[in-house]
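In what follows, a single structure is set out as structure tokens and then discussed.
Derivation of every value follows stated rules applied to the coordinates shown; laboratory data play no part. Here the structure is a predicted model, which means the values were calculated and not measured. Here the Cβ is made from the backbone with ideal geometry for all residues, glycine too, and neighbour counts use every protein chain on show.
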Amino acid sequence: MAQGADFAEVFVEERHSTAVVCEDDRIEKVTTGREVGIGLRVLVGESTAYGYANELSPEALLGLARTVAEAAKLRGGGSAVVNLRRTPVPYELTVLRPPAEAAVSDRVALVQRANATARREDPRIKQVMVNYADTLQRVWIANSEGDYVEDERVRVRLAVHAVAVAGGLLQTGYEAVGGFSGLELFERQPPEEVARTAARRSLLMLEARPAPTGRMPVVMAAEAGGTMVHEACGHGLEADLVQKGLSVYAGRLGQPVASPLVTVVDDATLEGRFGSYRFDDEGTPGQKTVLIEKGVLCGYMYDRLTARREGRPSTGNGRRESYQYRPLPRMRNTYIAPGEHDPEEIIRRTQRGLLVKKMGGGQVNTTNGDFVFEVAEGYLIEQGRVTAPVRGATLTGNGPEVLRQVDMVGGDLGFSIGVCGKNGQGVPVSDAQPTLRIPSLVVGGTAGAGEAEAATGGPRDSLSGLCRSGGGR
Amino acid sequence: MSGDFGREKDIVWDLVAQAQRRGARAAEAYFSEEEETGIEVRDQKVEDLKIAREQGVGLRVLMGRQPGFAYTTDLSGDGLVRLVEEALANAAAASEDPYQVLPGPAVYPENLDLYDPSLERTPPDAKVELALRLEQAGRSLDPRVRLTETASYEESRYRVVLANSNGLLAAYRGAHCGLSAVFVAAQDGDHETGFAFQYRTRYADLDPEGVGRQAASRAVEMLGARPITPRRATVVMDPYVAINFLGLLIPSFSADAVQKGRSLLADKRGRKVAGGAVTVVDDGLLPGGLASAPFDGEGVPCRRNLLLEAGIVSNFMHNSYTAARAGEETTGNAARGSFRSLPGVGTTNCYLQPGGEHPAALIRGVGSGLYLTEVLGMHTANPVSGDFSVGAAGRLIENGELTAPVRGITVAGNILEWLGAIEACGRDLTFLGSTGAPTILVGRLTVSG
């Protein structure tokens, strides 16, 4: 610091993780991990130097500090006095039953309950995979501005993947729950329920017909989750991409970028959600950030680096996968706020189209706004009624174009969880939306093109900026 | 990074012995260390510099027939005692499994040339220079290349040390380096991105100007891209796109997937699933291969395996576990990312074998169709059912020539259908990391826009 760095930061992390995998009706893997690591960051002007190590001897750490300082073109050996003051906890997130205090056998029992339920559902269920994971992450963050934060994050996740087979056809169904929560999460969302949903989805897909192909109205149910909002505008509103000119939303603050029915919020403060936290990974208190209000772009998501460039405070979106990575502006729990339409009425008022009941993963090219996401459970809508299930559909569109088209927004709200990838870093997020209607969206299915036209009667791993997110099978 | 493994060999031996003393029937300790350098430049300035080192050890134990695993970064005496306790406790919670076996000592191939010492000798400034040249080459290609999304140099040097209770003790070190670039070209309000990568085991093999120009020209060529009407089309896929599709097929060659009923190829061994032009190879000893190594994640010698030979499914990939379960021999495909994971089944250097044709000749032969250079959302495709429906971009082929750029289209089908429709392979085998493919000609696919 004494040598002219603009900002220096230490991030120390201790992580305990437990994972249980059941497949083939056997508890196949029970694994635990203990990891301690330190990340050191120095900013000089527009340059960042980042170093990390997990060997915590004083020699190793001094060596790391020297290397990072040199990398930042400083002469080593300087010192600076910083008065650290502890940042008060902004709000509480409750954890009632910390997994770290439970026995491994308690987690195994949850997995067994899910496995047994899915297998009992139907004889056509031929394989079931259950993945359980919990982490206890303790962080200590200090920086040259005198901020000091100590925090603890507890997350649990359970995912069920069912494979159904009939008549030479192999189909899968997937469902996952997770949260910043202890094991009490499974009292609200029992493993049996997760298992049944996954199993039923795989069975449904056996009976589904190939999805139509072409442009058509699309209704997305609230329970479909929020992959669409995550891809269509979430990534494009991350300040690093905006500042580099790599976002279709750059330079559009105060302008309409969506239908007036659309309000988009990114919120770290929600109790129990997978993307919630008290402090981000730079020690900034988490908060609720309104990004689009009634269709008008009103804010971006900032970490400290991007906020400094504009002389404004961080919005608490600085996140990193672990001590091995520098922080980046990332989403937390992102949602489109509920509107006023009756969800059933939205379907009734749609003559022909596609109902998306569950979204899968997605990806976006933020530079031009083109996105794609997978339909994990979809149905045809005919004469305002939900009819046959369809499989193999993907929806593609352009973020601003699609958001401008939204013409009905339901009063409900449904969440889904995922691990969002950016610059090779995965972080836990959740997304949500109410029931929505988009009058015209490109559906890519496997049914013949001619058939699709008749049916509708008309109409990158580690590429930065290209996001990968979703269920993660 | 030292090539001497004294301390690490002591650690893994000691872990195996401790586990056995505490009642484990068998044990395996796996140490890995990685040193990383990353340099990102933008507008001819260094934007990000990363220097890192991490190490740790994973311990697999068998309590009777119950497997358990734990890992730690704490290599102190106390840390290792705790590691043994956790692994044993985890085994007690797992199901009994008769196929858990560990391999014995073996003779490993030598002189694989996995570690280029010039990586260590080259000063950081020279590597920064390489990244700057990469960016310069791309940005100066055409005035319409307006932005750098990524222009970076990366390097990884690693060491692996493995021991097990059958008396196996082995070690090696390796390294690779790479360049990647993504540029944005703009014209009349249209923004398009283009990318290119190059990863090598030898520093001297990197070509920053070539990578920079390739990424930039891919961006420029996409300017003015438009969607097209739905159709069935003959498709030529460039190597990067072909690699993406191959990546969806590869999990089906895993014996683990076969045994657990989630492989599309489970009942197809010895059967023809593709044309004679299609051969898929997995080669753990490939000269210059990023994933080449003397042994796999559990100490079995790496080797070359034919997975698909002239269209016929010839072999599945095995580790010791799946081999025991199938009553076969392991193929040396125990895959392990780091000390944090158990050995699964995975590829080493896996590629679709090239054919004899020049890519331009493939395109000429098509007459009219689509040339794909980008896919979006490939990870959303389903490796179990094989169904895919992905976003894509590329150019139209008209009268055997590449013409207008197209984007916002989707390509849908099933991976077995894709495999069966490959009619010809170009001679331009290209690797992205450790997976490779040439330009390929695929019969008819469903395309919508």
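Values as computed for the structure displayed
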read-out	value
Local net charge near B:G138, Cβ-Cβ under 13 Å (Lys/Arg +1, Asp/Glu -1)	+1
Per-residue mean of C-beta atoms belonging to partner chains within 10 Å, peptide A:123-133	1
Computed [θ] at 222 nm, helices only, for chain A once each DSSP H run of length n ≥ 4 contributes -39500 (n - 2.57)	-5000 deg cm²/dmol
Residue mean of other protein chain beta carbons inside 10 Å, B:53-60	4
Cα-centre dipole for the protein assembly as shown with unit charges at Cβ (Lys and Arg positive, Asp and Glu negative), debye to 20	1260
For segment A:246-260 and segment B:52-70, distance of Cα centres in Å	50
Peptide A:360-368 - average C-beta neighbours from other chains (10 Å radius)	6
Cα-based shape type of segment A:348-441, given that a ≥ b ≥ c are square roots of the gyration tensor eigenvalues and the cut on a/c is 1.5	prolate
Cα gyration tensor category, rounded, prolate or oblate, for chain A with a/c compared to 1.5	oblate
Cα-Cα over 25 Å, subset of A:K422/B:K45; A:K29/B:K272; A:K126/B:K268; A:K422/B:K50	A:K29/B:K272
Convex hull volume of chain B per residue (C-alpha atoms, cubic angstrom)	148
Between segment B:133-169 and segment A:347-404, the alpha-carbon center distance in angstrom	36
Once the Cα gyration tensor of segment B:337-449 is diagonalised, semi-axes √(5λ) in Å	27, 18, 13
Chain B, helix-only ellipticity at 222 nm - DSSP H runs n ≥ 4, -39,500 (n - 2.57), divided by all residues, nearest 500	-7000 deg cm²/dmol
Relative counts (whole %) of C-alpha pair distances in the protein assembly as shown, using bins that are 20 Å wide	14, 49, 35, 2
Global form of segment A:134-262, assessed from the alpha-carbon gyration tensor, a/c cut-off 1.5	oblate
Spread of Cα-to-Cα distances over 10 Å intervals beginning at zero, given as percent, for segment A:232-365	12, 37, 34, 13, 4, 0
For segment B:293-314 versus segment B:245-273, the gap between their alpha-carbon centres in whole angstrom	14
Gain in span if fully extended, B:S314 to B:S368, counting 0.36 nm per residue against the direct Cα distance	16.0 nm
For segment B:1-144, radius of gyration divided by Kirkwood radius, i.e. Rg to Rh on alpha-carbons	1.18
Percent of Cα-Cα distances greater than 18 Å, calculated over segment B:299-351	32
Geometric extent, Cα atoms of segment B:198-277 - Rg, Dmax (angstrom)	19.0, 48
Local electrostatic count, A:R278, Cβ distance below 11 Å [Lys/Arg +1, Asp/Glu -1]	-4
